[in-house]
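Only one structure is covered here, and it is reproduced in the block below.
The values are calculated or read from the model by the stated rules, or taken from the named source; none is laboratory data. Predicted model, so just to flag it, every value in this text is computed and none were measured. We place every Cβ from the backbone using ideal geometry, glycine too, and count neighbours over all the protein chains shown.
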Amino acid sequence: MGGFFGVAAKEDCVFDLFFGTDYHSHLGTRRAGMAVYSKEKGYDRAIHNIENAPFRTKFDKDVNEMSGNIGIGCISDYEPQPLMVRSHHGTYAISTVGKINNTDAILKDIFAKGHSHFLEMSGGDINATELVAAIVNQKDNLVEGIRYAQEIIDGSMTILIMTPKGIYAARDRMGRTPVAIGKKDDAHCVSFESFAYLNLGYTPVRELGPGEIVVVEPDGVHTLVNPGKDMKICTFLWVYYGYPSSSYEGISVEKMRYNCGSRLAERDDVKPDIVAGVPDSGTAHAVGYANRSGIPFSRPFIKYTPTWPRSFMPTIQTQRNLIARMKLIPVHDLIQDQSLLLIDDSIVRGTQLRETTEFLYQSGAKEVHIRPACPPLLFGCKYLNFSRSSSEMDLITRRVLKEIEQEGKEIDLKAYVDPDTPEYADMVERIRKQLNFTSLRFHRLDDMIASVGIDREKLCTYCWDGRE
């Protein structure tokens, strides 16, 4: 995944850019960068690895040395960016958020049109942002180039391009990721997260529509390409990735999570002693469940975050598991002989939640009931880089279905999407046994959509139902 922040100001913008970008640190854990422009100094850029230290500590020196009135910054889970590009459009900085599924086909087309080359990253992949720049550079102007990139990319791609004039901001064609605009007296900003500019003195202007392209300048924001009619914003942003104080399409992340928990409680029949969220993303879901059910909310374990990086950051799974386990500190008085109901945002591989459950049993828990805040994940995301998983077999659901198939049964995925089928019930029970939960009940897709509260046709639910 990744996040971005951009500022076009009449005066120096580096302070706002630094903190606005830092407010996106929950969206990425590997690379971060800032690029600025001033008439006096031209372009300046800094990129750092943030795997073992937060954004602020890596850029504290840069923020005191950089200056400019226009700037873009990003947090990335993979490729280094923003990139500086010199082309027939002039020199510009570019940053992207999205996923390209047809990289090879695009490369083949670019090579066929003339001599070109791309620098390989350490894993042998092409930097997606560099590829987007190459696509943009095939057209006569930046706007045509951005539209062309959105047209030919299979997946999704939101783009920021910074020039001496301002920042070209383009939301991906189907609006799978958000782009929010803010303003104050002497500046305008563009942001992935709508809360990131509030403490910097900006007030909300609006969100871009799907496929909309604007140019952000100190004095205003001008639409260059009108938004499309169809939208498929990612529902998982509300469930997990979005920061609690954000909102997308006018829907609060925190409120949506309360709604999820409340609807989970309405369908449940267990009577645990306490309800808890797997910190941090499950907490709001758990509060909603507790308020609706009347079962007390409590914190039987505390997440120690001052020095530990995010648990899914290491590339080696055993390291992820170890860090996830070491971060959780038990409160034995709230665990001993208690029946616990835990709400986590989702179950992906299941490894960490199994470790957490075993940890609670060892700490004296009598029962551990698990309630994921979304349906079973059955399909790897085609549109956003939510994880670096290389195969759908990383999903516990797919591993369970493989076991069922090996028993001689035919697999119809539609039957495992529908929560009212015996096939679905069998899959859930197998997951429960593998992960050693007392009971397991996933959030229903229809209830999750109702928890968001906007038209179902505007939401992307591909990872749960395969619906494009």
Item to complete: May I ask you to list the residues in segment 19-42 that are within 18 Å of Lys61 (Cβ to Cβ), crowded, with 18+ Cβ neighbours inside 10 Å and not polar (S, T, N, Q)?
Response: Phe19, Asp22, Arg31, Ala32, Gly33, Met34, Ala35, Val36
Discussion item. Among the listed residues Gly33, Gly20, Gly42, Gly28, identify the single one that is assigned by TED's automatic domain parsing to the domain that holds Val190, of a type in the set (Gly, Ala, Ser) and on the phi > 0 side of the Ramachandran plot.
Written reply: Gly42
Worksheet, complete the sentence: Within segment 229-264, of all residues that are among the aliphatic types (A, V, I, L, M) and under 23 Å from Gly155 (Cα atoms), the one surrounded by the most Cβ atoms within 10 Å (Cβ to Cβ) is Leu237
Worksheet item: Consider Lys271 against the criteria (1) assigned by TED's automatic domain parsing to the domain that holds Val7; (2) assigned to a loop (DSSP other than H, G, I, E, B): it satisfies all of them except one. Which criterion is unmet?
Response: (1)
Item to complete: Pairs only if they're at least six apart or on different chains, beta carbon under 8 angstrom, first in segment 1-27 and under 16 Å from Tyr240 (Cα atoms), second hydrophobic (A, V, I, L, M, F, W, C) and assigned to a helix (DSSP H, G or I); list them, first residue then second.
Response: Met1/Leu27; Gly2/Leu27; Gly3/Leu27; Ser25/Phe55
Discussion item. I'm checking my understanding of the structure. Among residues of segment 280-298 that are more than 22 Å from Trp238 (Cα to Cα) and not polar (S, T, N, Q), which one is surrounded by the most Cβ atoms within 10 Å (Cβ to Cβ)?
Written reply: Ile295
Discussion item. Could you check segment 37-53 and list, in sequence order, the residues that are out of contact with any helix residue (DSSP H, G or I) (no Cβ under 6 Å at 6 or more places or on another chain) and either within 19 Å of Ala8 (Cβ to Cβ) or in a loop (DSSP other than H, G, I, E, B) (or both)?
Written reply: Tyr37, Ser38, Lys39, Glu40, Lys41, Gly42, Tyr43, Asp44, Arg45, Glu51, Asn52, Ala53
Response to the item:
Selection from segment 80-98 of residues surrounded by fewer than 22 Cβ atoms within 10 Å (Cβ to Cβ) and either closer than 18 Å to Ile126 by Cβ or under 17 Å from the mean Cα position of the chain (by Cα) (or both) yields Pro80, Leu83, Met84, Val85, Ser87
Fill in: Tally, over segment 56-103, of residues that are free of Cβ contacts under 8 Å to residues at least 24 places away in the same chain and closer than 26 Å to Leu384 by Cα
0
Worksheet item: Mind checking which pairs have a first residue in segment 211-224 that is farther than 16 Å from Ser38 by Cα and in the same structural domain as Gly71 (by TED's automatic domain parsing) and a second that is small (Gly, Ala, Ser) and outside any strand (DSSP E or B), Cβ under 7 Å, 6 or more apart or different chains?
Response: Gly211/Gly228; Val215/Gly166
Fill in: Tyr43 vs. criteria among the aromatic types (Phe, Trp, Tyr) and over 26 Å from Thr91 (Cα atoms)
no
Worksheet item: Which one of the conditions (1) touching a Phe, Trp or Tyr at 6+ places or on another chain (Cβ under 8 Å); (2) modelled with pLDDT of 95 or more does Leu198 fail to meet, given that it meets all the rest?
Response: (1)
